[in-house]
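Each remark here refers to the structure printed beneath this line.
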Amino acid sequence: MRNWLFHPLVFYPLALLFAVMVVGASLRPQSWPRAPAPVAGQVERGSLIFHGDAFNSPAVDAQQDIFVIRDLWGRAQTLRIAQKAGQPPPTPTEDGARILLTPEQAAMIANRPVTVEVSYNPIPINVASGLAVSLRGANAANWVSQPAPPQPATLRFELHAQPGVNAIGLRALSDSGDQAYGLEITRVRITPHP
């Protein structure tokens, strides 16, 4: 006895639908890049905290590579940044990878010195040897750098006040210039000082 599922008018459309779904899933549309856009971090005890969805739409300059790690549904999890091969240390005109701030949250830290804590995981291959951070705004950037140990850690940066703040800049650093080296940023905490 024949099963109705194997009738050509049923089987072939179902097979075609299944093939379209497999091809569509293999394209991973949830991981396609998004246009840079300001994001709102969580406000906790006067600090701005960026993690998860706050890494959804970063901006990047030509000296850096970025990749947003996403879950199956396309929600941002972490931000991977890497210095391109042969790049010198960051200059004041360089932007780095930027987390763009909403105007309301930018006003919370504009014209105030801040402490920036960046939590990261090392990338298993080609881990960066350092990390530089800056406030991006009206004036040239003052990059502050620290060595990054090759294990999960949190680095603490003290940054000077910057007028017209619109982003926080991140830049992976490496002593070797032969290939790209990077870090996986899991959390950024910005605490303004009076």
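No value in this document is a laboratory result; all are computed from the given coordinates. Bear in mind that the values here come from a model prediction, so they are computed numbers and not experimental data. Glycine gets a Cβ as well: all are built from the backbone with ideal geometry, and neighbour counts include every protein chain shown.
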ask   = Once amide H atoms are built 1.01 Å from N in the peptide plane, which residues 5 or more positions from residue 179, or in another chain, come under 5 Å H to H?
value = 86
ask   = Arranged from highest to lowest average of other beta-carbon atoms within 10 Å per residue, in what order do the peptides 65-73, 51-59 appear?
value = 51-59, 65-73
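Cβ neighbours within 10 Å, averaged per peptide: list 16-24, 134-142, 107-115 in order, most packed at the top.
Values: 16-24: 9.8, 134-142: 19.3, 107-115: 17.2.
Highest to lowest by the protection proxy: 134-142, 107-115, 16-24.
Tell me, what is the FRET efficiency for residue 44 and residue 107 to the nearest 0.05, using R0 = 22 angstrom and their Cβ-Cβ distance as r?
On the way: r = 17 Å, r/R0 = 0.78.
Efficiency computed from Cβ-Cβ geometry: 0.80.
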ask   = Taking 0.36 nm per residue of separation and subtracting the Cα-Cα distance, what length does fully extending residue 119 through residue 5 add?
value = 35.7 nm
key: Computed over region 79-126, the ratio Rg/Rh where both radii use C-alpha atoms and Rh is Kirkwood   = 1.02
task = Taking H placed 1.01 Å from N in the peptide plane, check which residues at least 5 places from residue 162 or on another chain put their amide H under 5 Å from its amide H.
result = 111, 112
Interchain or long-range residues, amide H under 5 Å from residue 101's placed H = 39, 167, 168
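How much net charge surrounds residue 180 when only other residues with a Cβ under 13 Å from its Cβ are counted (Lys, Arg +1; Asp, Glu -1)?
Numbers: positive: 80, 84, 171; negative: 65, 178.
Combined, the nearby Lys, Arg, Asp and Glu give +1.
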inquiry  = Quick check on the chain: helices-only [θ] at 222 nm, where DSSP H runs of length 4 and up contribute -39,500 (n - 2.57) each and the sum goes over total residues. Nearest 500, please.
reply    = -4000 deg cm²/dmol
key: Relative compactness, region 1-67, computed as alpha-carbon Rg over 2.2 N^0.38 Å   = 2.07
key: HN-Hα J in Hz across region 7-19 - Karplus 6.51, -1.76, 1.60, θ = phi - 60°, x for Gly and Pro   = 5, x, 6, 9, 5, 5, x, 5, 5, 5, 4, 4, 4
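More than 30 Å apart: what percent of Cα pairs in the chain qualify? Could the numbers behind the result be given before it?
Values: 5352 of 18721 pairs.
Value for the chain: 29 percent of Cα pairs lie more than 30 Å apart.
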message = What are the ³J(HN,Hα) couplings of region 34-48, residue after residue, when phi is run through the Karplus curve with 6.51, -1.76, 1.60 and θ = phi - 60°? Round to Hz, x for glycine and proline.
response = 10, 5, x, 8, x, 10, 9, x, 6, 9, 9, 6, x, 9, 9
query = For region 150-158, what does the Karplus curve 6.51 cos²θ - 1.76 cosθ + 1.60, with θ = phi - 60°, yield as ³J(HN,Hα) per residue in whole Hz, taken in order and with x for Gly and Pro?
reply = x, 9, x, 7, 10, 9, 10, 10, 9
